[in-house]
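Where a number appears in this text, it was derived from the coordinates with a stated rule and is not lab data. Fair warning: this is a prediction, and the values are worked out from it, not measured in the lab. Virtual Cβ from ideal backbone geometry, glycine too; neighbours counted across all protein chains shown.
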Amino acid sequence: MSLMTCTCNTIEKVLWAYCVYFEKNQITTLSDKRGIHKVTCCVYEGASFRFVSAMLVGGHGESNPNTTWLQSRGLWISYALGCHFVFLHILKGAPWIPQDQGDCRILTHWEQIDYGQQFTATRKFLTVVPIVLFLLTSFYTRYATSHFIVNFISMVLVVLPKLPQFHRVRLFGINKY
Amino acid sequence: MATQWIFFEIFEALNEVPFYHVLLEVGLLLWILWLIFHKSYNPKELEQLTEKEKEQLIDDWTPEPLVGNVPQNHPYLKPPTVSGKAGKYINVDGHHCLNMATHNYLGFVGNKDIEESAIKTIQKYGVGSCGPRGFYGTVDVHLDLEDRLTEFMKMEEAVVYSYGFSTIASAIPAYAKRGDVIFVDENVNFAIQKGLDASRSRIRFFKHNDMVDLERLLIEQAELDKKNPKKAQVTRRFLIVEGIYMNSGDICPLPELVELRKKYKLRIFIDESISFATLGDHGRGVTEYYNIPKEEVDMITSSMEWSLATIGGFCVGSSFVVEHQRLSGLGYCFSASLPPLLATAAITSLNIMERDPSMFKKLQTRCQLVHKALSALSSFSLQGDPDSPVKHLYLRDPPNCRETERNLLSKIVDFCIEHGVAVVIAAYLQMERFVSRDSIRVTVNNTLTDDEISNVALVFEKACSEVLH
């Protein structure tokens with residue numbers, strides 16, 4: 001579990017940097033976003049995330065950024081797809097001792113679903129949701145190019161490993177053992 | 001007002017769609033639809049047989065008979081029958097014989113103290129423990145036995161299994177998984193072989209007690225590791241040996257094995273089923289025999305069915321290693337625990353052993369005497385260490401055919417039984433790897449007197465002259 005919390009900390013730092021950058025360049029025309037955007041992408045939040053409290057906050061006018069950072073444009077998809085990607089496609093094996101004599105040690109969670117059977121209902125659902133998220137967020141960010149690039153790349157990054165052609169494929173020897 | 005404004009926002013947003021984005025969205029939507037309607041398949045099942053091939057296979061199949069053709073004079077059709085206890089003397093097919101066939105190295109079978117303690121335990125706890133260790137099957141005598149074994153072997157923790165065979169067969173797959181490498185001696189017993197199969201690791205057999213062969217295999221593995229260091233980091237390497245090998249009676253060269261362990265980073269598991277309570281000044285096995293500190297060996301397993309004259313087995317080692325088996329040792333978690341009466345019998349045996357450590361020296365003297373007496377036999381060659389209580393006798397001039405050799409040996413054994421010495425032919429299952437030549441297996445126990453040993457040698461000589469000439 002400690003590996004997972006480490007990676008979560010890094011992801012948080014990256015996402016924080018991203019939302020700070022994009023917040024600065026957007027003109028907020030929708031004043032009350034909270035009424036419209038429902039929390040549609042909390043499906044993937046599995047582990048608890050701990051914020052690194054060493055950095056000083058308050059640069060954007062609110063005393064505690066925790067109240068507003070998740071409202072940032074594009075952050076929902078980045079956050080959801082980020083932790084989706086880590087948990088399904090990077091971390092291998094299982095957090096318990098499996099009774100399969102080490103079969104799943106080299107397999108990511110995605111590859112373990114349904115014992116490697118492709119196009120099952122779970123896999124279809126998990127493939128379709130990032131695409132739908134992408135369509136939604138590109139609509140809500142009004143097709144701005146900068147958002148589009150980041151969202152498109154993260155969507156591709158998350159959907160590509162789900163293709164059956166990529167089952168058990170490891171590119172450039174990353175994550176092989 | 002808010003609703004109107006939202007619709008206005010949506011309308012505006014839709015107006016600003018870039019062209020490539022529309023294409024992309026349409027493409028994605030089409031792909032989603034295709035995905036939803038695609039049939040699921042298992043990539044492993046892609047090679048399906050056609051109907052014609054299936055019919056062909058069914059036509060080609062001929063059923064095997066349930067019982068194959070067996071010659072009527074096959075020895076297994078007339079198994080020797082034992083009546084009464086198999087202690088110092090054994091009654092085989094009506095002949096009262098000196099027992100050198102069953103494993104009773106310390107002479108505990110029939111010991112009054114052990115039997116009394118077992119009977120008292122039945123009166124207190126009943127017969128069975130009614131459950132596995134994790135589900136109401138742990139009785140205080142189990143914990144006592146584990147503590148006693150820990151103290152006796154001077155280790156940190158012990159785990160007690162309810163069956164000697166499943167001890168080592170569960171311990172190996174608890175640690176070694178797919179993708180690991182295990183180096184094993186060729187002549188290991190069947191329980192270890194089943195443990196190796198269950199582990200699904202890559203097995204490398206080295207020639208019996210041949211350190212040069214083992215080093216060759218280790219160097220090969222080291223070279224593979226150098227070529228692929230990332231894989232090597234996640235590969236665990238094990239070395240599994242027996243203290244005294246049941247199939248040959250030799251003692252493993254533990255000092256050299258420990259050297260190799262340090263050099264090539266292996267994890268050693270020793271199956272001390274025979275060498276526990278047999279070797280060493282206090283009966284602690286090969287580690288005491290060779291004076292090797294306990295940190296050099298990762299885990300010691302043993303069956304309690306030979307020296308301790310009870311049923312079951314145990315694993316001792318550091319807490320870090322052995323504790324893992326409480327959840328991963330399948331024979332521990334998913335089998336009923338040892339009946340309390342057998343656990344108490346083991347505790348009583350340990351008491352006797354600790355009270356009187358001279359019995360180990362006595363056993364070793366007997367073993368050496370038997371070794372001297374049997375190596376002087378003209379028609380047999382003796383295999384086994386002088387200190388080992390298990391010895392194998394092979395015919396010096398074996399006939400070419402295995403069947404004939406077996407028949408000769410069985411006639412010799414029958415002659416011996418008729419003349420008051422019970423011995424057996426070492427039996428192997430068909431599915432064992434590396435089956436060696438048939439041999440007569442002689443076991444030594446510490447109740448043998450000098451006269452009896454010389455008598456045994458005489459009987460063997462007579463048997464040979466009768467049967468072979």
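Between region B:129-177 and region B:435-468, how many Å separate their Cα centres? What the calculation gives is 36 Å, centre to centre. With each label modelled as a point 7 angstrom along the Cα→C-beta vector, the residue A:99-residue B:404 pair spans 5.3 nm.
Taking 18 Å as the straight-line reach from the Cα of residue B:265, the aspartates and glutamates in range (excluding those fewer than 8 positions away in the same chain) are B:180, B:185, B:213, B:215, B:220, B:223, B:225, B:256, B:295, B:296, B:298. Considering only C-alpha atoms, what is the centroid distance from region B:226-271 to region A:99-177, in Å? So the separation of the two Cα centres works out to 42 Å. Scattering from region B:112-355 was approximated by placing one identical point on each alpha carbon and applying the Debye formula without solvent; log10 I(q)/I(0) at 0.08, 0.13 1/Å stands at -0.30, -0.76. Rounded to 0.05, the FRET efficiency of the residue B:77 and residue B:466 pair, given R0 = 35 Å and the Cβ-Cβ distance, is 0.90.
Based on DSSP, what percent of beta bridges with both residues in region B:112-355 are antiparallel, to the nearest 5?
On the way: 12 of 29 bridges.
In region B:112-355, DSSP labels about 40 percent of beta bridges as antiparallel.
Using C-alpha pairs under 8 Å with a sequence gap of at least 6, the mean separation divided by the residue count of chain B gives a relative contact order of 19 percent.
Which value in deg cm²/dmol, rounded to the nearest 500, describes the helix-derived mean residue ellipticity at 222 nm for chain B, given -39,500 (n - 2.57) per DSSP H run of n ≥ 4 and division by the residue count?
Details: 18 runs with 213 residues, N = 469.
Rounded to the nearest 500, the figure is -14000 deg cm²/dmol.
I need the calculated FRET efficiency for the pair residue A:68 and residue B:223, taking r as the beta carbon distance and R₀ as 35 Å, to the nearest 0.05. Please report the intermediate quantities before stating the final value.
Details: r = 58 Å, r/R0 = 1.66.
The calculated FRET efficiency here is 0.05.
Here the spin labels are modelled as points 7 Å beyond Cα on the Cα-Cβ line, and at residue B:140 and residue B:30 they lie 7.8 nm apart. Within region B:246-335, DSSP assigns beta bridges of which about 60% are antiparallel (rounded to the nearest 5). Reported to two decimal places, what Rg/Rh ratio describes region B:60-209 when computed on Cα atoms with Rh from the Kirkwood expression? Rounded to two decimals, Rg/Rh equals 1.05.
Ranking of B:105, B:41, B:332 by neighbouring Cβ atoms within 10 Å, starting from the fewest: B:41, B:332, B:105.
Translational diffusion of the protein assembly as shown was estimated from the Stokes-Einstein equation, with Rh taken as the Kirkwood radius over Cα pairs; at 25 °C and 0.890 mPa s the coefficient is 81 µm²/s.
What chymotrypsin sites (Phe, Trp or Tyr not before Pro) in region A:90-173 are in a loop by DSSP, with at most 12 other Cβ atoms within 10 Å of the Cβ?
Numbers: sites: A:96, A:110, A:115, A:119, A:125, A:134, A:139, A:140, A:143, A:148, A:152, A:166, A:172; in loops: A:96, A:119, A:143.
For chymotrypsin sites (Phe, Trp or Tyr not before Pro) across region A:90-173 that sit outside H, G, I, E and B with at most 12 neighbouring Cβ atoms in 10 Å, the list reads A:96.
Among the chymotrypsin sites (Phe, Trp or Tyr not before Pro) in region B:390-469, those placed in a DSSP loop whose Cβ has at most 14 other Cβ atoms within 10 Å are B:428, B:434.
Give me the one-decimal Kirkwood hydrodynamic radius in Å for chain B, with the sum taken over alpha-carbon pairs. Don't skip to the end; give the middle numbers.
Details: mean 1/r = 0.0384 Å⁻¹.
Every distinct Cα pair counted, the radius reaches 26.0 Å.
Note: region B:214-299, Cα convex hull, 95 Å³ per residue. With 27 Å as the limit on Cα-Cα distance, the pairs of A:176/B:54; B:112/B:372; B:177/B:227; A:162/B:231 that go past it are A:176/B:54; B:112/B:372.
Projecting label points 7 angstrom from Cα along Cα→Cβ for residue B:334 and residue B:231 puts them 3.0 nm apart.
Calculated FRET efficiency, residue B:41 to residue B:178, Cβ-Cβ distance, R0 = 35 Å: about 0.90 to the nearest 0.05. Using the Karplus relation 6.51 cos²θ - 1.76 cosθ + 1.60 with θ = phi - 60°, the per-residue 3J(HN,Hα) values for region A:103-118 come to 4, 8, 4, 9, 9, 6, 4, 4, 5, 7, 4, 6, 6, x, 6, 8 Hz, with x marking Gly and Pro.
Exposed loop sites, defined as GluC sites (Glu not before Pro) outside DSSP H, G, I, E and B with at most 10 other Cβ atoms within 10 Å, are absent from the longest region of chain B, namely B:48-469. Taken residue by residue and averaged, Cβ atoms of other chains lying within 10 Å of the Cβ of A:139-146 number 4.
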